[in-house]
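S.K.: Supplied in structure tokens, the structure appears directly below.
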Amino acid sequence: VRDVDMHWSKPMVSGDKPPPLCKHSVTLVGSQLFVMGGAEGLEEGTSELWVLDTETMHWRHPKVYGEVPPHHRAHFAGVVGDKIYLFGGGNDKMYFNDLYVLDTTIMEWSKPDMTGDVPSSRRAQAGAIVGKDLY
């Protein structure tokens, strides 16, 4: 955590912490940091979700519902309102071009139907959300 005096500190945290990960995403919804996917070392990836409440500094590993994304890493994740949009990524065997949405108010994943020119499969890509549009 960096304070206003430009000093780093290591805050005390509690709860069910995530393992060391690489190629995961971290998105902020309100005061909660959502850590999704990624890999532990050379594994093909995970679909696990961890949440850090930045006000209490407490980690949790919530139960999620719905159509959970497959194991993935190196994906894009962005926030619109209370929803996290996850696109692309991959594992050791394939790249994805799927879009998943996590409604953080009920912890439920969905996989909306996409129309138009759907982007090709990709991982380690950049993305941005402008207004309600995902690029």
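S.K.: Can you list the strands (runs of 3 or more DSSP E) lying wholly within the range 66-134 that have 2 or more residues being crowded, with 19+ Cβ neighbours inside 10 Å?
M.R.: Output list reads 76-80, 83-87, 99-103.
Okay, residues lined up against (1) in contact with a Leu (Cβ under 7 Å, 6 or more places away or on another chain); (2) closer than 26 Å to ASP98 by Cβ; (3) not β-branched (Val, Ile, Thr):
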position: SER14; (1), (2), (3): no, no, yes
position: HIS24; (1), (2), (3): no, yes, yes
position: GLY38; (1), (2), (3): yes, yes, yes
position: TRP59; (1), (2), (3): yes, no, yes
position: ALA77; (1), (2), (3): yes, yes, yes
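S.K.: Please tell me if PRO70 is without any contact (Cβ under 8 Å) to a residue 60 or more places away in the chain and closer than 15 Å to HIS24 by Cα.
M.R.: yes
S.K.: Select, from ASP98, ASP16, the only residue that is touching a Phe, Trp or Tyr at 6+ places or on another chain (Cβ under 6 Å) and acidic (Asp, Glu).
M.R.: After applying the criteria, what remains is ASP16.
S.K.: Any residue in the range 49-71 that is polar (S, T, N, Q) and in contact with a Lys or Arg (Cβ under 9 Å, 6 or more places away or on another chain)?
M.R.: No, that holds for no residue.
S.K.: Further, regarding this structure: Here are SER47, SER31: which of them is modelled with pLDDT of 95 or more and more than 20 Å from ALA128 (Cβ to Cβ)?
M.R.: Matching residue, one of SER47, SER31: SER31.
S.K.: Still on this model: What are the residues in the range 74-123 that are over 12 Å from the mean Cα position of the chain (by Cα) and among the β-branched types (Val, Ile, Thr), if any?
M.R.: Within the range 74-123, VAL80, THR105, ILE106, THR115, VAL118 meet the criteria.
The values are calculated or read from the model by the stated rules, or taken from the named source; none is laboratory data. What you are looking at is a predicted structure, and each value in this text was computed from that prediction instead of being measured. Using ideal geometry, Cβ is built from the backbone for each residue, glycine included, and neighbour counts are taken over all protein chains shown.
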